[in-house]
Amino acid sequence: MRAKELQSLTIAFVGGGNMAEAILGGLCQDTRYRLVFSEPSRDRRDYMKQRYPTVEGYSNNEQVLQILPHVIIFAVKPQIMKVVMLDLQSRLHDQQQQLGFIPLLISIAAGISTTSIRHWLNLGDKLPLIRLMPNTPALIGEGAVGCYAVPHGVTADHRLLTEALLGVVCKHISWIEKEHLIDAVTAVSGSGPAYYFLIMEAMQNAGVEAGLSSEEAKALTVQTCIGAAKMAMESEEDLVTLRHKVTSPKGTTEAAVKVLEIGNIRHILHSAISAAQIRSRELAEEFGKD
Ligand SMILES: NC(=O)C1=CN([C@@H]2O[C@H](COP(=O)(O)OP(=O)(O)OC[C@H]3O[C@@H](n4cnc5c(N)ncnc54)[C@H](OP(=O)(O)O)[C@@H]3O)[C@@H](O)[C@H]2O)C=CC1
Ligand SMILES: O=C(O)[C@@H]1CCC=N1
């Protein structure tokens, strides 16, 4: 997609919560886009407008659709996706009839399938619909995202536009060919930042118990996490080799890793990721029904 074509695009967010903020906050570094969002909570709208002054906030979803955005990103909880879709259906239908096009629709709701969304919107077989699973590091341009494009409705230009937008906020973009694998993306990278925050919190606390100040323990923990992640990213060696290079025979790391292995950290992480994947499927069952 050429820079000129991106120049005057309007990107709308339905819902202005945490994940919308992560993407909006990242995207507003790029001045080519007009960014708008709808959000029922006045406090939240005020916060967003104060924090990101170039972004326009509206109190209801209809107002945002009246602007005729080129892209609509649905960033509401899975629990209310159905009601939001049904509310907007007739306006999108009118727009399709009068203007001959539907904006590119992007859902980031965990669990909710494109089949459910297509069913609720009832706008024909060729709906330009993409399902994304991003993560909150998008706010600082360090996101990872999995994408699934509905066959037939999504053109090569839609994909390029999506990549151009995501390229501003994400360092890694995966196109997933089988939609059910978005549940796996959700479990690994969508929820993943929380796992690392938890591990870092525990390491910081352990550092404090070992005698470090809270600030020292946090700084050492976080920089170690960044350093290890960068090595994992940039090194030609695999993760096992990198671990072995820290682990001197009969040394301190060996003692620590032994405790982690006895505590079955691999099994714990496997179970955690399975639980997230199962919950993603349950959300589809609970909130994706007709
Ligand atoms: N947080 C994350 O890390 C990720 C989240 N997601 C997905 O993103 C979506 C949003 O999650 P998240 O940002 O965490 O949730 P939030 O609750 O922070 O954001 C949702 C926002 O939508 C608002 N809202 C409620 N009803 C409506 C409505 N009818 N129209 C428009 N906006 C409405 C909510 O307002 P109020 O609070 O007043 O109800 C809230 O501010 C979810 O579907 C989630 O699965 C995907 C990837 C990662
Ligand atoms: O916890 C959740 O359900 C959302 C989806 C991935 C991250 N947060």
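Check every one of the helices (runs of 4 or more DSSP H) wholly within region 227-290 and list those with 3 or more residues that are at pLDDT 95 or above and under 25 Å from the mean Cα position of the chain (by Cα).
Values: elements: 239-246, 252-262, 265-287.
Of the helices (runs of 4 or more DSSP H) lying wholly inside region 227-290, those with at least 3 residues that are at pLDDT 95 or above and under 25 Å from the mean Cα position of the chain (by Cα) span 265-287.
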Q. For region 59-68, does any single residue satisfy the condition of being in the same structural domain as Q89 (by TED's automatic domain parsing) and open to solvent by 70 Å² or more (accessible area, probe 1.4 Å)?
A. yes
(Q) Against the condition free of Cβ contacts under 8 Å to residues at least 12 places away in the same chain, more than 11 Å from ligand 1 (Cβ to nearest atom) and either within 18 Å of E62 (Cα to Cα) or open to solvent by 10 Å² or more (accessible area, probe 1.4 Å) (or both), how does D30 come out, does it pass? (A) no
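Do any strands (runs of 3 or more DSSP E) lying entirely in region 1-115 carry at least 1 residues that are in contact with a Cys (Cβ under 8 Å, 6 or more places away or on another chain), and which ones are they? Walk me through it before giving the result.
Numbers: elements: 10-14, 34-38, 56-58, 71-74, 104-107.
By residue number, 34-38.
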Q. In region 242-287, which residues are under 17 Å from A187 (Cβ atoms) and of a type in the set (G, A, S)?
A. S271, A272, S274, A275, A276, S280, A284
Q: State whether one or more residues within region 99-108 are closer than 17 Å to K289 by Cβ and either at pLDDT 95 or above or crowded, with 20+ Cβ neighbours inside 10 Å (or both).
A: yes
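When residues of region 142-164 are filtered for being more than 16 Å from ligand 2 (Cβ to nearest atom) and in contact with a strand residue (DSSP E or B) (Cβ under 7 Å, 6 or more places away or on another chain), how many remain? Even if it seems obvious, please write down each step before you answer.
First, pick out the residues of region 142-164 that are more than 16 Å from ligand 2 (Cβ to nearest atom): 149-164.
Then drop every residue that is not in contact with a strand residue (DSSP E or B) (Cβ under 7 Å, 6 or more places away or on another chain), which leaves 149-150, 153-154, 158-159, 161-163.
Here the count works out to 9.
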Q. Which pairs have Cβ atoms under 9 Å, sit 6 or more apart or on different chains, and link a residue in region 181-202 that is of a type in the set (V, I, T) to one that is open to solvent by less than 20 Å² (accessible area, probe 1.4 Å) and in a helix (DSSP H, G or I)?
A. I182/S280; T186/S280; I199/T221
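The values are calculated or read from the model by the stated rules, or taken from the named source; none is laboratory data. Since we're looking at a predicted model, the values are computed, not measured. All Cβ positions, glycine included, derive from the backbone under ideal geometry; neighbour counts span all protein chains shown. The protein model used for the area step is the full one, side chains on, heavy atoms only, and it has no ligands, DNA or RNA in it. Shrake-Rupley method; radii C 1.70, N 1.55, O 1.52, S 1.80 Å.
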